[in-house]
Amino acid sequence: MRKTGLLLLIVLFTVKLQSQELRCNVQVVSQQIQGTNKQVFETLQNSIYEFMNNRVWTNHVYTMEERIECNLMINITKQLSADEFEGTLTVQARRPVFNTNYNTVTLNFVDNAIRFRYVEFAPLEFDLNSHISNLTSILSFYAYYILGLDYDTFALKGGSEYFSNAERIVLNAQNAAEPGWKPMDDIAHKNRYWLVKDMIDTDYEKLREFNYRYHRLGLDVMDEKIAEGRAEITNSLELLQEVYRKRPDPYMYLMSMVFNAKVDELVNVYTESYPEERNRAHTILSEVDKPNATKYKAILESTF
């Protein structure tokens with residue numbers, strides 16, 4: 001009886017370990033803060049690490065190898081009071097390409113509206129249905145956003161559930177004093193409110209379809225069918241072109257996020273392509289991502 005109970009505990013403990021979805025590296029930088037207790041920032045870093053990596057974010061079972069690789073770097077630029085801080089947050093995420101050792105970037109974003117309270121050694125508490133703490137709301141928002149992007153790369157709109165959770169966090173925070181949660185906080189659509197609103201907006205459906213086709217039907221097949229995979233990637237660029245032509249306004253930050261993550265990879269994809277395909281890709285990319293037009297010239301310079 002005792003052995004049976006022990007075995008059950010081991011099984012449950014193993015399932016618990018395998019249910020955690022993120023392998024999140026966390027760094028808290030505080031060089032700009034002088035004359036204060038630096039230990040608090042080390043404690044904060046450890047607390048965030050445990051919060052992101054030990055919490056179960058979905059109902060799915062993950063093995064250790066399946067965890068989503070991501071990075072959070074909080075740069076503390078101001079200490080507003082004994083327990084209130086301000087700074088920026090850099091969020092990066094990536095996912096492996098099938099049957100290779102290559103990881104493709106899915107998110108590379110800097111949140112410039114980070115303000116939160118943290119009491120050393122206080123537990124980080126979060127409730128999806130209420131705004132308890134600005135710090136944990138921010139962390140949970142990006143956890144769900146990362147999950148949404150990752151699931152979208154494996155199934156068409158596969159991340160909808162997690163984007164909905166991110167949206168719920170935003171709605172819960174509408175009365176928060178801290179910035180980043182409201183539409184008027186950033187007219188350029190670069191805050192958390194707009195990140196998730198635009199992602200689930202029907203005007204950006206083609207962007208989410210791109211995310212699926214580019215990764216699952218493109219990159220994931222290139223190990224065995226490089227020409228077919230690259231052709232799918234080229235076709236998927238037309239989806240971004242549709243979005244761009246439908247809403248070529250200064251607020252399409254969601255589009256720029258795609259290229260922040262993919263610009264160098266896209267150039268590499270076409271290094272061994274055919275002239276017609278290179279020309280087609282270059283034409284589309286130069287139109288929809290003008291800030292990186294110079295980089296895309298390398299696509300035409302391939303000697304294949």
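What follows is calculated from the coordinates using simple rules that are stated; it is not laboratory data. The shown structure was predicted, so the numbers you read here are calculated from the model rather than taken from an experiment. Heads up, the Cβs are rebuilt from the backbone with ideal geometry, glycines too, and the neighbour counts pull from every protein chain shown.
One table, with the values for the structure above:
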quantity	calculated
Cα→Cβ-extended label distance, 7 Å offset, between MET73 and ALA176, nm	2.3
DSSP-loop chymotrypsin sites (Phe, Trp or Tyr not before Pro) across the range 96-150, with at most 11 other Cβ within 10 angstrom	PHE121
Normalised contact order of the range 58-136, rounded percent, pairs of Cα under 8 Å and 6 or more residues apart	23
The chain: radius of gyration and largest Cα-Cα distance (Dmax), Å	21.1, 71
Gain on full stretching of the segment that runs from ASN25 to SER256 - 0.36 nm per residue minus C-alpha separation	80.7 nm
Burial ordering of ARG23, ARG208, fewest other beta-carbon atoms within 10 Å first	ARG23, ARG208
Fraction of beta bridges assigned by DSSP in the chain that are antiparallel (%, nearest 5)	75
Distance in nm between pseudo-label sites at VAL61 and PHE154 (7 Å out along the Cβ direction from Cα)	1.4
Selection of chymotrypsin sites (Phe, Trp or Tyr not before Pro), the range 34-64, meeting DSSP coil and at most 10 other Cβ within 10 Å	none
Förster radius 25 Å - calculated FRET efficiency between ASN235 and GLU301 (Cβ-Cβ, nearest 0.05)	0.65
Expected 222 nm ellipticity per residue - DSSP helices of 4 or more, -39500 (n - 2.57), all of the chain, to 500	-15000 deg cm²/dmol
R0 of 41 Å, Cβ-Cβ distance GLU242-ASP83: FRET efficiency to nearest 0.05	0.30
Charged-residue dipole, Cβ positions (Lys, Arg, Asp, Glu), the range 112-182 about Cα centre, Debye nearest 20	220
Summed residue charge, Cβ within 11 Å of VAL97's Cβ, Lys/Arg positive, Asp/Glu negative	0
Simple label model, 7 Å out from Cα along Cβ direction - GLU42 to THR294, nm	4.3
Per-peptide average of other Cβ atoms within 10 Å, ordering 259-267, 170-178 highest first	259-267, 170-178
Fully extended contour minus Cα-Cα distance, from GLU276 to GLN32, at 0.36 nm per residue	82.7 nm
Listed residue pairs exceeding 28 Å between alpha carbons, taken from LYS206/LYS262; LYS78/LYS206; LYS206/LYS297; LYS38/LYS197; LYS157/LYS295; LYS197/LYS295	LYS78/LYS206; LYS38/LYS197; LYS157/LYS295; LYS197/LYS295
